[in-house]
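The values are calculated or read from the model by the stated rules, or taken from the named source; none is laboratory data. All values reported here derive from a predicted model rather than from experimental measurement. Neighbour counts are summed over all protein chains in view; Cβ atoms, including those assigned to glycine, are modelled from backbone coordinates with ideal geometry. In case anyone asks, the SASA skips ligands and DNA or RNA and just uses the protein heavy atoms, side chains included. Shrake-Rupley method; radii C 1.70, N 1.55, O 1.52, S 1.80 Å.
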Amino acid sequence: VNLGSLLGDRKDFDGAEANWRAAIAAGSGHTQFDAQAWHQAHKNLGTLQEERACGILVQSGGDLAAAVALYDECVQLWTIGVGADHESTKNAQENAKLLRAELARRAGMGREERRAEEVRGIVQQVR
């Protein structure tokens, strides 16, 4: 878990992710594994996935379905890492819900309507 944090600090996010996933996998099958480290690995990986979801959302034309999947993973990880009632877990649930609603709304729009909306979004960002 500490190695994952060090890798994250060095911006090696893929390495950090691999380390935290390995810690989670190791801890899930062993009763002797340090429970605090196991929970911390869930928390850290959830935070990384949240950052990735936010990165997608700030991109013009970002993949909302991918962001939803990341937020869903955050909910799963944080439910173990910090608890289902924790504010971070609830926020990730709400973000996924809002993005699903946006995806459903967009699915009901025609191509020209979606493009016009994208252009409006770009204009608002420029202002």
query = Solvent-accessible area per residue for the chain at a 1.4 Å probe radius, Å²?
reply = 64 Å²
query = Ignoring any ligand, DNA or RNA, what whole percent of the accessible area of the chain comes from carbon and sulfur when the probe is 1.4 angstrom?
reply = 52 percent
note = Ranking L70, L57 from most to least accessible area with a 1.4 Å probe gives L57, L70
key: Assigned charges on the beta-carbon of Lys, Arg, Asp, Glu; the chain dipole about Cα centre (debye)   = 380 debye
Listed candidates (i) 34, 16, 11; (ii) 27, 21, 12; (iii) 22, 17, 12 - label of the one calculated as semi-axes √(5λ) of the Cα gyration tensor in Å = (i)
task = For K11, go through the aspartates and glutamates and keep the ones whose alpha-carbon is under 13 Å away, minus same-chain ones fewer than eight residues off.
result = E51
key: Theoretical FRET efficiency, 1/(1+(r/R0)^6), r = Cβ-Cβ of R21 and E87, R0 22 Å, to 0.05   = 0.35
note = Taking Cα atoms, the helix 35-58 axis meets the longest principal axis of the chain at an angle in degrees (rounded to 10) of 20 degrees
ask   = How high is the FRET efficiency between C54 and R105 when r is their beta carbon distance and R₀ equals 25 Å, given to the nearest 0.05?
value = 0.75
